[in-house]
């Protein structure tokens, strides 16, 4: 812990010295905010200084507390992407200099650190967050200071902000493909098991509506608090309901308890397979029981055969402190930094308004490990391919289903007529 | 039938987690918030044993005593370095041990993969026992047996051995125990060792039920304290009954409602009970109640 904070302090210190030197050398540096003063931004003038040969970015991940389990990997892959971009000449010719902050699995801390990164460190953009709660904490702050936040995790959708870019899947890129897959498989009955917070609740609301449309019967729905691992009582209900499939929206370590209770009760993937939206390459070997034969719905899998994936995997395996396997959320975090680079270079400026304008007026793409993703400049999400993988004995995923094309992001599910407007409003309000 | 059997197993796990606390909190009056992290240490010990002994059939039985000793040693270090200065200040032990717990959590996060580590259950726990049409997982039967063995061993040890007698003497009246020649310092250390070691055993059981990671201790510590308080401080039989009752209540509520609501309802029940009967199920006059 102390070594981390020391490193952070050292970074902040060198950052400050670097900035001061740059200012001295450049005399009066151009400020990113000046470019478009009067462009309609109501926020305070930006203190972002890109007059030197570096650009400062903020990484905001929980390195301590419960979410460190997941967010450390995101932080690591952001560092890797930084090294790659810097080795390749940086963004607009400026090397990235990052300030790593610890969100500490505490949502008010996420808000405080966001304000610190924007107003004291004067970073041009912030990358990170994992839980929806952390994103909801960051949102009002980046909106107030007209900053930029890049959020890398699949989530419940029903959100859009001029100051946030979403590089993970929204529901129509993960949940709906999973349901299409189940329908194609001829599944008739489905049991919903989830952790008790906004993502599973919203996802299941959508699943129930779509299931009715597809003629799939929901035979049960169970939730357990995120911080509880014991699924015994709920699995007993599942065993009694005998569904064709289980749709699993459980998150974190509670998944381990669910899988253990599942096998304890004598359920098997041959009769009652599980489709998950949060078990990826990194989680599968940590279950304490082989999970071969179960399914997961993601956009990216390590097993995907794309042009850029082999190199991504190779670089990640060689990266210090890497987990050795690649997975969807970390790939989305990797995309986020490159997407920012593409946006800034299209805009020719680090200024937030210029970046947002470029997002709207130009086609921003990135050759991601999952394939060539395109940014939707209106809703700030990206197009993604839908994939269903089946876990094999090496805890890798065999791709068993893929969407025919990249799925355009539709966070409010406006293109789906089975999703009524009143439910949309109700869920959007509930999500805050 | 299902909720009753499931609940008994849930209660058994709670009991394992609470058993050590009923010694350190109940008998010694130390509020050890790091007890959950000792449980975590036991679970990680099980993982490490599985790295050495790869056959899970053998590794879990070996892991139980190993986890007991490892967690016990951590407890001993905590007692010798910190707790010993705070016996007359229970609230200070609370603050200090919260800090110790956070340090242990972060240490686990630094040492082990952040996603947590897998602990496999032995093959002989595959399968179910069919009771009145319900397929009762053998793993649950194992948790209940383990808890029973631990309770029996602990109460026999307290009752029949000279160590046990000296512990009870120290708890009842420290000064008088000292005048009869009992080294109360070494008794304190021993009690804390055993109490923490029992958390380690609970950790092995917990590793077969949920995830083994830096955060796992947190989900057991509050229910364990509630169980000890509801059972009556310093009372082993009270802890046993309270743990079973809470486990069964949790399971029945989960059966009738949802998992989240069950947590709320079960603990409302405990709180209401403690309002009506603050001294818990059973009472005994101990130093810690003075």
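For the protein assembly as shown, the 222 nm mean residue ellipticity estimated from helices alone, with every DSSP H stretch of n ≥ 4 adding -39500 (n - 2.57) and the total spread over all residues, rounds to -17500 deg cm²/dmol.
The fewest-to-most ranking of A:405, B:237 by surrounding Cβ atoms within 10 Å reads A:405, B:237.
Calculation over all alpha carbon pairs of chain A in 20 angstrom steps from 0 returns a P(r) of 26, 57, 16, 1 percent. A Stokes-Einstein calculation at 37 °C with viscosity 0.692 mPa s, built on the Kirkwood radius of the protein assembly as shown over Cα pairs, returns a diffusion coefficient of 121 µm²/s. Please find, in a Gaussian network model of chain B (springs between Cα atoms separated by less than 10 Å), the residue of B:239, B:81, B:184 whose mean-square fluctuation is greatest. Between B:239, B:81, B:184, it is B:81 that shows the largest mean-square fluctuation. In terms of its Cα atoms, region A:371-432 spans 44, 25, 23 Å along the principal axes, sorted from long to short. The label point for residue A:308 and the one for residue A:119, both projected 7 Å from the Cα toward the Cβ, are 3.6 nm apart.
Angle check, please: helix A:68-87 long axis (alpha carbons) against the longest principal axis of chain A (alpha carbons), in degrees 0 to 90, nearest 10. On a 0 to 90 degree scale, this one is about 40. Rounded to the nearest 5, the antiparallel percentage of DSSP beta bridges internal to chain A is 35%. FRET efficiency for the pair residue B:94 and residue A:318, taken as 1/(1 + (r/R0)^6) with r the Cβ-Cβ distance and R0 = 41 Å, rounds to 0.35. Going from the fewest other Cβ atoms within 10 Å to the most, the residues B:233, A:207 appear in the order B:233, A:207. In this simple spin-label approximation, residue B:267 and residue B:237 carry label points 7 Å from Cα along the Cα→Cβ vector, and these lie 3.0 nm apart.
For the protein assembly as shown, the share of DSSP beta bridges that are antiparallel, to the nearest 5, is 40%. Looking at region B:57-96, the pairs of alpha carbons with a distance over 13 Å make up 61% of the total. If you run the Gaussian network model on chain B, springs between alpha carbon atoms under 10 Å, then out of B:153, B:199, B:254 the most flexible one is B:153. Distance between the modelled labels on residue A:398 and residue A:240, one decimal in nanometres: 3.6 nm (7 Å Cα→Cβ projection). Under a GNM of chain B (C-alpha, springs under 10 Å), which listed residue has the highest mean-square fluctuation: B:178, B:37, B:120? Among B:178, B:37, B:120, the largest GNM mean-square fluctuation belongs to B:178.
Which angle between 0 and 90 degrees, to the nearest 10, do you get for helix B:138-160 versus the longest principal axis of chain B when only C-alpha atoms count? For B:138-160 against chain B, the angle is about 20 degrees. Helix A:107-119 versus the longest principal axis of chain A: what angle, 0 to 90°, nearest 10, using Cα atoms? For A:107-119 against chain A, the angle is about 20 degrees. Exposure proxy shown here: for A:401, A:298, the number of other Cβ atoms within 10 Å sets the order, fewest to most, as A:401, A:298.
Every number here is computed from the coordinates shown, using simple stated rules; none is lab data. Since the model is a prediction, treat every value here as computed from it, not as a measurement. Here the Cβ is made from the backbone with ideal geometry for all residues, glycine too, and neighbour counts use every protein chain on show.
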